[in-house]
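This report refers to the structure that appears directly beneath it.
The values are calculated or read from the model by the stated rules, or taken from the named source; none is laboratory data. Note that the structure is a prediction, hence the values are computed from the model and not measured. In this analysis, Cβ positions are derived from the backbone assuming ideal geometry, glycine residues included, and neighbour counts consider all displayed protein chains. For the accessible areas, the whole protein counts, side chains as well, though only heavy atoms, and no ligand, DNA or RNA atoms are used. Shrake-Rupley method; radii C 1.70, N 1.55, O 1.52, S 1.80 Å.
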Amino acid sequence: MSLLEYLGGAERIKKYEVYTEPELEFVAKFLNTYRSTYVIVLFLACEVNYEGRARASLSYGDRLLITKPDGTLLIHENRKREPTIWNPPGSTLYATVDNNILVIKSIRRNPPETVVVESPCVYLLLGARCVAGEFKLWGSEKDMVEYVFRNPSLIEEGFRPLHRELKTLVGEIDLVGVDARGNLVVLEFKRSTAGPEAAHQLQRYVEYIKHERGVENVRGILVAPSITPSAYRLLTKYGLEYRKLEPPRH
């Protein structure tokens, strides 16, 4: 019996397919057949091994496996946003069943990286025909920088912006300008509440500009819709400033 016959005919392969406790042979066939058309999600018991630039392993346990048509493979556990183990787009996925164990291999050619997932039990299989739409992001930090560049008085009267996204050895400075007295001003933007790391980051930029330009009086301003008390204390300690600004709405 072909896979399409097993699934009930090609007309059933539409937006999505869901199977609970599918047989391992079926899962392997589904992965090999639809890996380039479906986003496939497995909830399964498994152990995982990675070998490439380093080595890593996950002991036996229940996890989510996600594979995408571009070759991306993600292994998620019950914490954190990022996957615990993954392979990037451009990887190739293969699935087999060996001694009643589902073996899923994701191979990246350059640089060589391999993720091997071994599972004796798949609880849930979801195949979904996701699409790639046009992505638009409003109210980003880049939008905030552009907004200030066009409306410099939002920072203070007499402020004149000079450089956006200035690349340095310590990172990319969002905006550099001069104030009404001719002092250099370094601005770091955050689209949400700014924490201590934003204050540390701004301080690094200010010290770098002081060293590179050979000037002592460089102002640093953290621009964000809000700021944590600890970040504000750090700004005060470093002699830096804060300006409240909401991300622009289009």
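For this structure, a couple of remarks:
- Residue check, Arg249 basic (Lys, Arg), assigned to a loop (DSSP other than H, G, I, E, B) and open to solvent by 30 Å² or more (accessible area, probe 1.4 Å): yes
- Residue among Val18, Val27 that is open to solvent by less than 60 Å² (accessible area, probe 1.4 Å) and outside any loop (DSSP other than H, G, I, E, B): Val27
- Check on Pro111, touching a Cys at 6+ places or on another chain (Cβ under 9 Å), farther than 20 Å from Arg35 by Cβ and not hydroxyl-bearing (Ser, Thr, Tyr): no
- Within segment 53-76, the residues that satisfy the criterion of being exposed (fewer than 14 other Cβ atoms within 10 Å of the Cβ) and either part of a strand (DSSP E or B) or of a type outside the set (A, V, I, L, M, F, W, C) (or both) are Arg53, Arg55, Ala56, Ser57, Ser59, Tyr60, Gly61, Asp62, Asp70.
- Remark: Arg243 falls outside the filter, which requires a residue to be closer than 18 Å to Glu165 by Cα and open to solvent by 50 Å² or more (accessible area, probe 1.4 Å).
- Total residues in segment 77-127 satisfying the condition of being within 18 Å of Phe30 (Cβ to Cβ) and in a strand (DSSP E or B): the figure is 24.
- Boolean, Arg204 is part of a strand (DSSP E or B) and either in contact with an Asp or Glu (Cβ under 7 Å, 6 or more places away or on another chain) or touching a residue at least 12 places away in the same chain (Cβ under 8 Å) (or both): no
- Note on segment 130-177: among residues that are open to solvent by 20 Å² or more (accessible area, probe 1.4 Å) and β-branched (Val, Ile, Thr), the one that is farthest from the chain's Cα centre (by Cα) is Thr168.
- The set of residues in segment 30-52 being part of a strand (DSSP E or B), open to solvent by 20 Å² or more (accessible area, probe 1.4 Å) and not β-branched (Val, Ile, Thr) consists of Phe43, Glu47, Asn49, Tyr50, Glu51.
- Cross-chain or 6+ apart pairs with Cβ under 6 Å, segment 82-104 first and farther than 17 Å from Ile66 by Cα, then open to solvent by 80 Å² or more (accessible area, probe 1.4 Å): Val97/Glu25
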